[in-house]
Amino acid sequence: MNTSLRVYDNFGNKETKDKLDYLYAFFKQCNSNWQFEFLSKSEFKKEAKDIHTQYVKDIITELKDCISDEANEDEILGYEAWINTMPLDSRGLEYHFDCDEGSNTLVTPLRTFVIYLGPQTEVVGGSLALDYRGKENNKEFKSNYSILDDLENGWIQIPFEYARVVSFDPQIPHAVLPIKRIQKKEARITLTIAVWDKEPKIIRW
């Protein structure tokens, strides 16, 4: 397991931040999660059929230097991207691995990047929590609230901050902690990008 963890703050120029803001506003209005189709590197320069996918491709292009620091370019086949939308009443995101959900075994991508799209106002709670004991210590939690009692045992928490990018090894089990406070009508929204050396099965729940 590659235990490296990198955090890049204030990601992107004004044009990129405008795209982050557009995606945030759109998915907040929809109040939903979204799984994009697999984005093959071989077809990456082609214009996408919809603005949301094109903006994701543009953001990945902007991340190119960060990605090349974490993954071998020759191994990359493409990218899986999805949106997670969490309002105040969200209980967070359960303890899990990023993986190919169509596989019978745990097959993980080369690297995971999480981009905090918004809000630009304060979020209390909602931290990304990574269990650095690794998959060998994988355990069952009855809820994300029960994780709160285990945070002193090898976890690293990354607080939410607008335009922050977190890069980590997807073999590290992780979760999103419950939101304690967020401004009315806002939501904690992230864009997650998994860098793959194969094409995973895309499953929409």
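The values are calculated or read from the model by the stated rules, or taken from the named source; none is laboratory data. Every value quoted in this text rests on a predicted model; they were computed, and no experiment measured them. Because the Cβ atoms are built from the backbone with ideal geometry, glycine has one as well, and the counts that use them run over all protein chains shown.
Looking at this structure, is ALA81 more than 23 Å from ILE182 (Cβ to Cβ) and not β-branched (Val, Ile, Thr)?
Answer is yes for this residue.
If you go through the range 165-172 one residue at a time, do you hit one that is buried (at least 18 other Cβ atoms within 10 Å of the Cβ), charged (D, E, K, R) and touching a Phe, Trp or Tyr at 6+ places or on another chain (Cβ under 8 Å)?
So far as the range 165-172 goes, no, none of its residues is buried (at least 18 other Cβ atoms within 10 Å of the Cβ), charged (D, E, K, R) and touching a Phe, Trp or Tyr at 6+ places or on another chain (Cβ under 8 Å).
List the residue pairs whose Cβ atoms are under 7 Å apart, where the first residue sits in the range 109-130 and is in contact (Cβ under 8 Å) with a residue 60 or more places away in the chain, the second is of a type in the set (Lys, Arg), and the two are 6 or more positions apart or on different chains.
Within 7 Å, the pairs are TYR116/ARG164; VAL123/ARG188; GLY126/ARG188.
Could you tell me which residue of the range 83-93 is modelled with the lowest pLDDT, considering only residues that are in a strand (DSSP E or B) and touching a helix residue (DSSP H, G or I) at 6+ places or on another chain (Cβ under 8 Å)?
LEU93
Given the criteria in contact (Cβ under 8 Å) with a residue 24 or more places away in the chain, under 23 Å from PRO159 (Cα atoms) and loosely packed, with under 12 Cβ neighbours inside 10 Å, does ASN10 qualify?
yes
Looking at this structure, is LYS28 in contact with a strand residue (DSSP E or B) (Cβ under 7 Å, 6 or more places away or on another chain), touching a residue at least 12 places away in the same chain (Cβ under 8 Å) and not in a loop (DSSP other than H, G, I, E, B)?
In short, yes.
When the range 65-82 is examined, which residues are found to be under 16 Å from the mean Cα position of the chain (by Cα) and part of a helix (DSSP H, G or I)?
Hits for the range 65-82 are CYS66, ILE67, GLU70.
Has the range 41-58 got at least one residue that is assigned to a helix (DSSP H, G or I), in contact (Cβ under 8 Å) with a residue 60 or more places away in the chain and closer than 21 Å to ARG204 by Cβ?
Scanning the range 41-58, I find at least one residue that is assigned to a helix (DSSP H, G or I), in contact (Cβ under 8 Å) with a residue 60 or more places away in the chain and closer than 21 Å to ARG204 by Cβ, so the answer is yes.
Collect the residues in the range 163-205 that are touching a helix residue (DSSP H, G or I) at 6+ places or on another chain (Cβ under 8 Å), at pLDDT 95 or above, closer than 17 Å to TYR79 by Cα and not acidic (Asp, Glu), keeping them in residue-number order.
VAL165, SER167, LEU191, ILE193, VAL195
Between residues in the range 167-183 that are closer than 17 Å to ASN84 by Cα and residues that are part of a loop (DSSP other than H, G, I, E, B) and of a type in the set (A, V, I, L, M), which pairs lie under 6 Å by C-beta distance while being six or more apart or on different chains?
These pairs meet every condition: ILE179/LEU88; ILE182/LEU88.
Every residue in the range 68-123 that is buried (at least 21 other Cβ atoms within 10 Å of the Cβ) and of a type in the set (Ser, Thr, Tyr), please.
Within the range 68-123, TYR79, THR112, TYR116 meet the criteria.
So, of the residues in the range 124-140 that are surrounded by 14 or more Cβ atoms within 10 Å (Cβ to Cβ) and more than 25 Å from LEU191 (Cβ to Cβ), which turns out to be modelled with the lowest pLDDT?
Per the criteria, the residue is GLY134.
When you scan the range 72-109, how many residues do you find that are within 27 Å of ASP21 (Cα to Cα) and aliphatic (A, V, I, L, M)?
5
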